[in-house]
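Values in this text are rule-based calculations from the coordinates and carry no lab data. Predicted model, so just to flag it, every value in this text is computed and none were measured. Cβ placement follows ideal geometry from the backbone for every residue including glycine, while neighbour counts extend to all protein chains displayed.
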Amino acid sequence: MSAQYATVQWNRQKRRYDRILALAIAVYLALFSGCQLYFYPEITPETLIIRATGTLAFLMLHFILAIGPLARIDTRFLPLLYNRRHFGVTMFLIAAVHGVFNIIQFHSLGNVDPLLSVFISNTRYGSVGEFPFQVLGFFALLILFLMAVTSHDFWLKNLHPKVWKSLHMMVYLAYGLLVFHVMLGVVQLDQSPIWIGLVGAGMLTLLGLHNRAAYLVKKEQAPAQKPETDGFYPVCDLSEIPENRAKIALIDGQNIAVFKYDGKISAVSNICRHQNGPLGEGKIVDGCITCPWHAYQYLPHNGQAPPPFTEKLETYDVKVQDGLVWVNPRPYPEGTERPAAVF
Amino acid sequence: MVPELRKRHRQIWRVWAVLLPLGFVLSVLALPRKEYPDQLPAPVTAAWPIEGPVIKSGELTAGLRGKAGESGKQLEIVLQKPFKAPMTRVYWNEQFIGSLGAVGVHRYALDSALLAAPAFTLKIVDPVNGVVLNQIELQP
């Protein structure tokens with residue numbers, strides 16, 4: 001969270017995340033290069049770099065796209081979500097090395113501008129098997145570039161949440177472009193069943209995870225039952241909410257996160273003021289509700305960000321009766337303190 | 001995530017659930033027929049004596065090497081400058097016999113079946129762009 005702009009905000013978890021990421025990248029590059037040198041001893045350094053960075057970036061994109069649904073299916077994956085931004089930017093840098101080396105190796109030695117050459121060296125756009133697959137990779141890299149440069153805190157703070165999120169949802173388009181970049185590129189040339197199997201397995205895994213997570217969330221957010229006469233709606237059994245976590249409820253058009261902590265229940269808006277992140281998918285850290293996207297924080301009983309920060313959320317009345325959690329979907333103005341339900 | 005955004009995510013992945021597998025299957029169906037033998041000739045280790053002329057063409061020279069008592073020959077290509085192509089393949093009378101990579105000496109074993117034709121045509125092909133980069137006629 002930020003009351004004022006800061007370049008990079010580091011913490012222990014981010015440093016640990018980045019160290020593990022760097023180590024995994026180094027291990028992959030070493031293993032991949034070793035295998036390539038063993039099976040293709042005549043390989044040139046440029047080709048080795050192109051292959052290693054291309055496969056690594058594509059693999060990283062699969063992991064990045066899997067983190068969101070995994071965290072929704074099982075909260076144990078939530079720590080992976082907190083610093084996904086670094087994962088994404090690192091992936092872009094590796095993909096950029098792949099793209100730049102490709103352009104240098106295959107397009108920079110002719111008498112045509114290298115970037116133009118990407119588009120006109122192969123013009124069989126009507127063919128499937130001979131489609132100019134490098135063009136697909138180029139546009140995917142362009143999307144990843146836009147995402148990487150706007151992932152910085154500066155843009156998070158200054159772009160409208162809708163614009164920022166729409167831009168970053170283009171990662172799905174980039175993924176589709178890259179699937180076909182690989183299928184119409186290396187697979188057509190190499191025809192190896194290993195590549196076909198790996199791309200197919202990755203694609204099916206992501207499709208399965210995203211559709212499974214969407215189904216679970218939809219099921220979890222089933223329409224609310226009829227309210228009691230006092231305006232309260234039943235949300236769930238008290239035992240269904242883990243300690244320091246929340247249950248998300250969609251009632252009467254209100255998106256509410258009901259948190260359980262220190263023997264109390266409080267309800268606030270589920271929508272983070274920063275980038276509309278899902279607060280109910282986060283947890284309470286140091287007494288504050290912490291957004292899983294960018295760690296913006298709020299106090300559960302009044303929805304206010306702790307000083308010196310100024311963001312505020314709507315709050316709701318809650319009660320616990322016979323082990324059942326109830327919430328009144330009539331929102332109080334942002335930052336209004338409401339008594340927590342004690343159990 | 002706001003419900004509207006969640007819905008957009010859901011819709012995108014539903015569309016991808018149809019389009020991605022469809023494109024994947026189409027890509028597999030479009031795979032070209034394998035145009036080279038399952039097993040390439042064994043790599044050549046020691047060079048035999050030169051037989052016949054060595055022909056220079058562009059950035060490479062090509063010639064045949066033979067040895068008394070051997071029915072086969074060795075094709076030797078010396079590449080002085082790499083091709084500006086993503087991939088280069090070597091064809092002997094339209095038969096794929098191997099790839100051509102870095103600058104240096106490359107030798108390919110030619111068995112008696114490959115030498116049965118009355119004339120030999122050596123082609124260096126860029127299969128990505130479908131271009132013949134170099135073509136040399138060699139004497140039997």
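Quick notes on this one:
- Given charges at Cβ of Lys, Arg, Asp, Glu: chain B dipole, positive-most of B:ALA117, B:LEU26, B:LEU79: B:LEU26
- Translational diffusion coefficient (Stokes-Einstein; Kirkwood radius from C-alpha pairs) of region A:9-130 at 20 °C, 1.002 mPa s, in µm²/s: 127 µm²/s
- Pairs from the list A:LYS218/A:LYS260; A:LYS165/A:LYS218; A:LYS162/A:LYS260; A:LYS219/A:LYS283 with a Cα-Cα gap above 26 Å: A:LYS162/A:LYS260.
- Within chain B, the longest run free of exposed loop sites, counting GluC sites (Glu not before Pro) that sit outside DSSP helix and strand states (H, G, I, E, B) and have at most 16 other Cβ atoms within 10 Å, spans B:95-140.
- Among the chymotrypsin sites (Phe, Trp or Tyr not before Pro) in region A:293-339, none sits in a DSSP loop with a Cβ that has at most 10 other Cβ atoms within 10 Å.
- Relative contact order of chain B, taken over Cα pairs closer than 8 Å and 6 or more residues apart, is 19 percent.
- Across A:THR44, A:THR55, A:THR315, mean-square fluctuation computed from a Gaussian network of chain A (C-alpha pairs under 10 Å connected) peaks at A:THR44.
- Relative contact order (%) - chain A, alpha-carbon pairs under 8 angstrom, separation at least six: 14 percent
- A:CYS236 versus B:SER112: modelled label distance in nm, points set 7 Å from Cα along the beta carbon direction: 7.9 nm
- GNM remark for chain A: springs join alpha carbons under 10 Å apart, and the peak mean-square fluctuation among A:VAL182, A:VAL285, A:VAL89 falls on A:VAL285.
- A convex hull fitted to the Cα coordinates of region A:61-171 yields 141 cubic angstrom per residue.
- Residue-averaged beta-carbon neighbours from other chains (10 angstrom radius) around B:18-28: 6
- Reciprocal of mean inverse Cα separation for chain B (Kirkwood radius, Å): 18.1 Å
- Maximal additional length on extending the A:ALA26-A:GLN13 stretch stands at 2.7 nm, based on 0.36 nm per residue less the C-alpha distance.
- Peptide A:207-215, shielding by other chains (average Cβ, 10 Å cutoff): 4
- Distance between modelled label sites at A:LEU167 and A:LEU37, nm, 7 Å Cα→Cβ extension: 4.1 nm
- The GluC sites (Glu not before Pro) found in region A:268-343 that occupy coil by DSSP, while having at most 15 further C-beta atoms within 10 Å, are A:GLU337.
- Among A:ILE64, A:ILE120, A:ILE103: highest mean-square fluctuation, GNM of chain A, C-alpha pairs under 10 Å: A:ILE120
- Distance between the pseudo-spin-label points of A:LEU159 and B:ALA68 (7 Å out from Cα toward the beta carbon): 7.7 nm.
- Spatially, region A:31-97 and region A:302-343 are offset by 41 Å when compared through their Cα centroids.
- Selection from A:GLN36, A:GLY137, A:PRO79 lying farthest towards where the dipole of region A:1-158 points positive, charges on Cβ: A:PRO79
- Efficiency of FRET between B:VAL78 and A:ASP74 - r from beta-carbon atoms, R0 45 angstrom, step 0.05: 0.15
- Listed as lacking a disulfide-compatible partner in the protein assembly as shown: A:CYS35, A:CYS236, A:CYS288, by the criterion of no other cysteine Cβ under 4.7 Å.
- When only the Cβ of Lys, Arg, Asp and Glu is charged (+1, +1, -1, -1), the dipole of region A:121-272 relative to its Cα centre reaches about 220 debye.
- Nearest-0.05 FRET efficiency for A:ASP286 and A:LYS219, computed from C-beta distance (R0 25 Å): 0.20
- Reciprocal mean inverse distance between Cα atoms of the protein assembly as shown - Kirkwood radius, Å: 26.5 Å
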